[in-house]
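Every number in this text was worked out from the coordinates using simple rules, so none of it is lab data. Predicted model, so just to flag it, every value in this text is computed and none were measured. Methodologically, a virtual Cβ is constructed for each residue, glycine included, from the backbone with ideal geometry; neighbour enumeration extends over all protein chains shown.
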Amino acid sequence: AWHASAAEPELLWSYEAQSNLYPSPLVADVHPNPGLESIISDSEVREMLCVDAKGSLLWRYSGGWTRRLTSGASLSFAARDGAGTLLIGNSDGKLCCIDAATGQELWTRTVGPIEWGTAIWADLDGDDVDEAIAGTQNAIVALTATGDPLWTRDAFEDKPVNISGPIAAADLDGDGHVEIIALDQSGPFCVSYDGEVRWRRITGDQFQGAPVVTRLVNDGPATILALSGDSDFVYCFDALNGEPVWKCGILGLPDAYAAGGLAAGDIDGNGSTEIIAPDNSGHVHCIDHTGTLRWVFATDKATHSAASIGDVDGDGEIEILLASGDHHLYCVNTHGRLEWKYQAG
């Protein structure tokens, strides 16, 4: 953890895991201790850990997993009467639900392998109680908050589902029901709250990573952003029907890690959304809402990075943080210029 209100960050604490940390940490107030906790996936030792605001371990959870833990946890306070509840999947097929304050297991189900994907919470039926939705490699599976099965979408009319990244959920059309969006290898698709396919789009590209649901302009229609895994493009799709809106070429392929996907937000305060798109060759691209490339930033080494957007130093201006595979944390301004970098390992 770093304190970033100064010109450069100051180390507050560090916690040494026992193996690789592939997904980004989940940071939230899940424990009575003061401050925010960090939920991390310690991959090769197959454990999920909760670290407090001072860097001390609060609890560890092992789901009896037989394969490394490469997915991250999702958090809900609407699954159990305001109690924090975590959901996490593993590539051995297990989906685990855990009390966020104590690390105690609530239930486990076998749903199918989740490697670079995710399981998420969403209120599918509008009753103010979240359901669990697992994006496995071969299906989207919906369960109640107590782990009872609701439905499974494992095929289209002509082929089985093939998902290699995280899924997303949002009410795309304002009807009060949540839709689930995922990237099949052949393109994005949208599933309704009851498991029926709303639309599916095939572009001729192969897709990987997470879809991002956003509005490109204030009060504009919902759109879906996605990275092509074999043709160096960022795609924008209409969220209501899957029609392509634009595509923008980038300099390299996207990375397979769930953390290395797109980030989107209004970085310059002009009322429209910019897209931050890292690739696996050290390039970080900024694309405007029309699909026009604005700038490219290069990290020191040709490797992947994970981007996040926010005012990190309290100056009223937005910055982009890049957690890079070259073991540096970069801070870049809205024009793509380096403000500082910090060696993290």
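Does region 116-232 come out rounded, prolate or oblate by the C-alpha gyration tensor, with a ≥ b ≥ c the root eigenvalues, rounded set by a/c under 1.5 and, if not, prolate when a/b is larger than b/c and oblate if not? Verdict is oblate for region 116-232. Using a simple spin-label model with pseudo-atoms 7 Å out from Cα toward Cβ, Asp29 and Asp268 lie 3.6 nm apart. Highest mobility in the GNM of the chain, judged by mean-square fluctuation with C-alpha springs under 10 Å and restricted to Lys159, Lys94, Lys301, is found for Lys159.
Apply the a/c threshold of 1.5 to the C-alpha gyration tensor of region 27-71 and tell me whether it is rounded, prolate or oblate. It is prolate, given that a/c is not under 1.5 and a/b is the larger ratio. A crude spin-label estimate for the pair Lys159 and Thr144, with each label 7 Å from Cα along the Cβ direction, gives 3.6 nm. State the Cα centre-to-centre distance between region 27-86 and region 280-345 in whole Å. If we compute the Cα centre of each part, the gap is 27 Å. Kindly identify region 86-142 as rounded, prolate or oblate by the Cα gyration tensor criterion: order the square roots of the eigenvalues as a ≥ b ≥ c, call it rounded if a/c is under 1.5, otherwise compare a/b with b/c, prolate if a/b is larger, else oblate. It is oblate, given that a/c is not under 1.5 and a/b is not larger than b/c. Each of the peptides 209-215, 313-319, 106-112 was scored by the mean count of other Cβ atoms within 10 Å over its residues; in descending order, highest first, they stand as 209-215, 106-112, 313-319.
Packing here is the average count of other Cβ atoms within 10 Å per residue, and on that basis the peptides 216-224, 135-143, 12-20, highest first, run 135-143, 216-224, 12-20.
Counting neighbouring Cβ atoms within 10 Å and putting the fewest first, the residues Leu150, Leu262 line up as Leu150, Leu262.
About the centre of its Cα atoms, the chain shows a dipole size close to 980 debye [charges on the beta carbon of Lys, Arg (+1) and Asp, Glu (-1) only; nearest 20 debye].
Within the shell of other residues whose beta carbon sits under 15 angstrom from the beta carbon of Ala344, the net charge comes to -3, with Lys and Arg scored +1 and Asp and Glu -1. Each peptide in 114-126, 266-278 receives the mean, over its residues, of other Cβ atoms within 10 Å, and ordering these scores from highest gives 114-126, 266-278.
Listing Phe233, Phe207, Phe156 from fewest to most neighbouring C-beta atoms within 10 Å gives Phe156, Phe233, Phe207. Around the amide H of Leu150, modelled in the peptide plane, lie the amide H atoms of Ala142, Leu143, Thr144, all under 5 Å away and 5 or more residues distant in sequence or on another chain. Counting only Cα atoms, the chain measures 50, 48, 34 Å along its principal axes, largest extent leading.
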